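Colleague: What follows is a single structure, and I will ask about it in a moment.
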Amino acid sequence: MKLVAISGSLRKHSFNTRLARLMSRLAPDGVTLEALTLHGIPLYDGDLEESAGIPEAVEALRGRIKAADGLILVTPEYNAGMPGVLKNALDWLTRPGEEMKPTFGGRKTAIAGATPGAWGTAFAQAGALINLRQLGCELYPGYLRVSKTGERFDEAGNVDEKLEEQVGKWLEGFVSFVG
Ligand code: FNR
């Protein structure tokens, strides 16, 4: 089984990117999980689409999503919503309109997120549900909400045992949902 986890943060030391990489490391036997970021995707602009078509970085990302059996969005929370960087990527990925269904329709999708705050990106994840339903994804009903990241990750990518257990268990659930 192939899974793809997309981090919604461009920051080098992003907790969400570190969480996506932790998922890769904890993927069960027989599962490969690719951790991706959204670098190189321009802001959506209908004029740019008309003059230059879909950017290469968007098509490359679409290819990774289509090749995967399941998709995980690892979202930071900005002002109680997903960051523009992630929403922008989702918007590009639904262009041209006929690409929305093959990219997202019926795709087994999970939402995860990490924050130094207390609520594990719960608001951003709740908001993302509306967008992902619109895209036609088949949503995994379990959410991975990682809070207090400052105390749980270090720069070298080490994490506390409890977090490993939380992520590993959640991943097992998603893997059986993807089937
Ligand atoms: C934040 N942050 C934040 N955290 C949170 O739990 N709820 C929120 O509503 C917000 N709002 C917010 C707005 C903006 C503009 C910024 C820059 C930050 C803090 C955020 O969770 C923190 O910066 C994370 O470290 C961002 O994720 P990465 O980059 O570490 O993956």
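We did not get these values from a lab; they are worked out from the coordinates using the rules stated. All figures in this text were calculated on a predicted structure; none of them were measured in a lab. All Cβ positions, glycine included, derive from the backbone under ideal geometry; neighbour counts span all protein chains shown.
Per-residue answers, yes or no, for (1) more than 20 Å from HIS13 (Cα to Cα); (2) not in a loop (DSSP other than H, G, I, E, B):
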{"residue": "LYS87", "(1), (2)": "yes, yes"}
{"residue": "GLY106", "(1), (2)": "yes, no"}
{"residue": "ALA112", "(1), (2)": "no, yes"}
{"residue": "GLY117", "(1), (2)": "no, no"}
{"residue": "GLN125", "(1), (2)": "yes, yes"}
{"residue": "ASN131", "(1), (2)": "yes, yes"}
{"residue": "ARG145", "(1), (2)": "no, yes"}
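Colleague: Return the only residue of LYS108, LYS148, LYS87 being closer than 23 Å to GLY40 by Cβ and surrounded by 13 or more Cβ atoms within 10 Å (Cβ to Cβ).
Modeller: Residue meeting the stated conditions: LYS87.
Colleague: Which of the residues spanning region 16-50 are surrounded by fewer than 12 Cβ atoms within 10 Å (Cβ to Cβ) and either aromatic (Phe, Trp, Tyr) or free of Cβ contacts under 8 Å to residues at least 12 places away in the same chain (or both)?
Modeller: If the condition is that a residue be surrounded by fewer than 12 Cβ atoms within 10 Å (Cβ to Cβ) and either aromatic (Phe, Trp, Tyr) or free of Cβ contacts under 8 Å to residues at least 12 places away in the same chain (or both), then ASP29, ASP45, GLY46, ASP47, GLU50 are the ones that fit.
Colleague: Taking PRO141 as the residue in question, decide whether it is under 25 Å from HIS13 (Cα atoms), in a loop (DSSP other than H, G, I, E, B) and either under 15 Å from the mean Cα position of the chain (by Cα) or not aromatic (Phe, Trp, Tyr) (or both).
Modeller: So PRO141 fails the test.
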